[in-house]
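The next block holds one structure in the form of structure tokens; read it before the comments.
The values are calculated or read from the model by the stated rules, or taken from the named source; none is laboratory data. From a predicted model like this one, the values you see are computed outputs, not experimental measurements. Please note: Cβ atoms are built from the backbone with ideal geometry, for glycine as well, and neighbour counts cover all protein chains shown. The protein model used for the area step is the full one, side chains on, heavy atoms only, and it has no ligands, DNA or RNA in it. Shrake-Rupley method; radii C 1.70, N 1.55, O 1.52, S 1.80 Å.
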Amino acid sequence: MLDPPPLPHRAEPAQLESHCDSPPKANPFSTVVPCRHVYTRRRGLGSQTKQGQEGVVKEERQPCGGASQAGRSVGPDPTPPDDLFIREMETGSPLWHLSLGTGSSPTRQPPAADEPPRTIPLLGFSLPAMAPPPSEQPDSAAAAGAGAISRVLIVMAMETEAMPLVNRFNLVEAPARESIFPKGASWTRYYGSHKDLHIDLVMPGKDAVFGVDSVGTVSASLVTYASVEALKPDLIINAGTAGGFKAKGASVGDVFVASDVAFHDRRIPIPVFDTYGVGARKTFAAPNILKELNFKAGKLSTGDSLDMCPQDEEMIVSNDATIKDMEGAAVAYVADIFSTPAIFVKAVTDIVDGDKPTPEEFLNNLISVTARLEVSVTRVLDFISGKRISDL
């Protein structure tokens, strides 16, 4: 009878312990030691190199890191997928920014004109590459076509601001059976027509718990997204009240059309994230509206607070803002996602850098300034009726 094959040698516990030792993982958010995991690959083959007694195979070392890598407990010698190209960006921060060749992250290089769309292998199937950012998408005026503007979406924050326009154009509230919004959402929609325009006016509605207007960036972005997705407007008008800065020439009752928008309370003090937080962007240029209707132009800064703390003031000054509100930049962000032109009509209720307390001045002037806002938006609608996007 043949002897059975020898059993594989089993390491003693002490040996196992020594084989399993690995250097402690660096905290990806540490300001002292960056994450130091290393991928080791053969050049062009994507396989790990091996070290034997005769020497080390020629290798390519690719450092990786970032919170996501550390959070997945990457081992000391993992093999990355061969067809994912991991780029890195040195920012002076221990955070490593990774790009998997899709989207528009800070490390994403613009594709060549003749480069075919890339896909991402995942669990045996492929996902399409992400859509290009708004700056790379077709021009909004071209997307709207050569025809006249027919559908206008007006986004407003407060019922007090919106009802004068609802009454002016005899807009009808959409019944529950016609709702374009998710079940349970407090958002409201009114619709009707004016001259050659179909008008949809939407607002976040009343908070179900507190019964007050759902103001702020979150509600504004959500209702705008749902409305644009369902209604496909040719033009968005974000109309509302705003605080103004006397130092920049604003007075109570002034009506501005915003030329730029940015956030002033999204402070992320990490390179590149800080710029993302501010989110500064140009609005849709409407020079003929400014000229013909004699509105003022100014930069708009958006935050989720009515008052202004010192940090917000510093950011607002950095944004070179003339007016501040609680919705505009959020609406602009969604408009960019859909490549839909948007204009921002804001009437000043209070002087932020004035002598009166902001809440008191805002409430005292809200009704009279809202009436002026209604007149201004009506003039805008009269002007755009029968015109093309390129005529604005």
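Out of (1) under 23 Å from residue 363 (Cα atoms); (2) surrounded by 13 or more Cβ atoms within 10 Å (Cβ to Cβ), the odd one out for residue 150 is which?
For residue 150, the failing item is (1).
Cβ-Cβ distance below 9 Å, separation of 6 or more or different chains: which pairs start in the stretch 364-392 with a residue that is free of Cβ contacts under 8 Å to residues at least 24 places away in the same chain and end on one that is buried (at least 21 other Cβ atoms within 10 Å of the Cβ)?
That search, which allows pairs on different chains as well, returns 364/349; 364/350; 375/255.
Please name all residue pairs, on different chains or six or more residues apart, with Cβ atoms under 6 Å, provided the first residue is in the stretch 246-271 and is more than 18 Å from residue 314 (Cα to Cα) and assigned to a helix (DSSP H, G or I) and the second residue is charged (D, E, K, R) and modelled with pLDDT under 95.
Here the result reads none, with nothing in the stretch 246-271 linked to a residue that is charged (D, E, K, R) and modelled with pLDDT under 95.
What residue, among those in the stretch 273-325 that are of a type in the set (Val, Ile, Thr) and open to solvent by 50 Å² or more (accessible area, probe 1.4 Å), is farthest from the chain's Cα centre (by Cα)? Don't jump to the end; show me each part of the working.
First, pick out the residues of the stretch 273-325 that are of a type in the set (Val, Ile, Thr): 275, 278, 283, 289, 302, 316-317, 322-323.
Now drop any that are not open to solvent by 50 Å² or more (accessible area, probe 1.4 Å), which leaves 275, 317.
Working: 275: 12, 317: 21 Å.
Here the residue is 317.
Tell me which of these residue 240 doesn't satisfy, since it passes every other one: (1) in contact with a helix residue (DSSP H, G or I) (Cβ under 9 Å, 6 or more places away or on another chain); (2) open to solvent by 10 Å² or more (accessible area, probe 1.4 Å); (3) not charged (D, E, K, R).
That leaves (2) as the condition not met.
Just checking, which of 231, 235 is of a type outside the set (Lys, Arg) and either farther than 14 Å from residue 344 by Cβ or open to solvent by 20 Å² or more (accessible area, probe 1.4 Å) (or both)? Working first, answer last.
Details: 235 fails: either farther than 14 Å from residue 344 by Cβ or open to solvent by 20 Å² or more (accessible area, probe 1.4 Å) (or both).
Testing whether each residue is of a type outside the set (Lys, Arg) and either farther than 14 Å from residue 344 by Cβ or open to solvent by 20 Å² or more (accessible area, probe 1.4 Å) (or both) leaves just 231.
Can you tell me which of (1) touching a residue at least 60 places away in the same chain (Cβ under 8 Å); (2) touching a Pro at 6+ places or on another chain (Cβ under 6 Å); (3) open to solvent by 10 Å² or more (accessible area, probe 1.4 Å) is the one residue 194 doesn't meet?
All conditions pass for residue 194, except number (2).
If residue 316 satisfies all but one of (1) assigned to a strand (DSSP E or B); (2) in contact with a Ser or Thr (Cβ under 8 Å, 6 or more places away or on another chain), what's the number of the condition it fails?
(1)
Please tell me if residue 235 is without any contact (Cβ under 8 Å) to a residue 40 or more places away in the chain and closer than 30 Å to residue 147 by Cα.
no
Here are 355, 307, 325, 350: which of them is closer than 19 Å to residue 157 by Cα, acidic (Asp, Glu) and free of Cβ contacts under 8 Å to residues at least 60 places away in the same chain?
Criteria check complete, one pass: 307.
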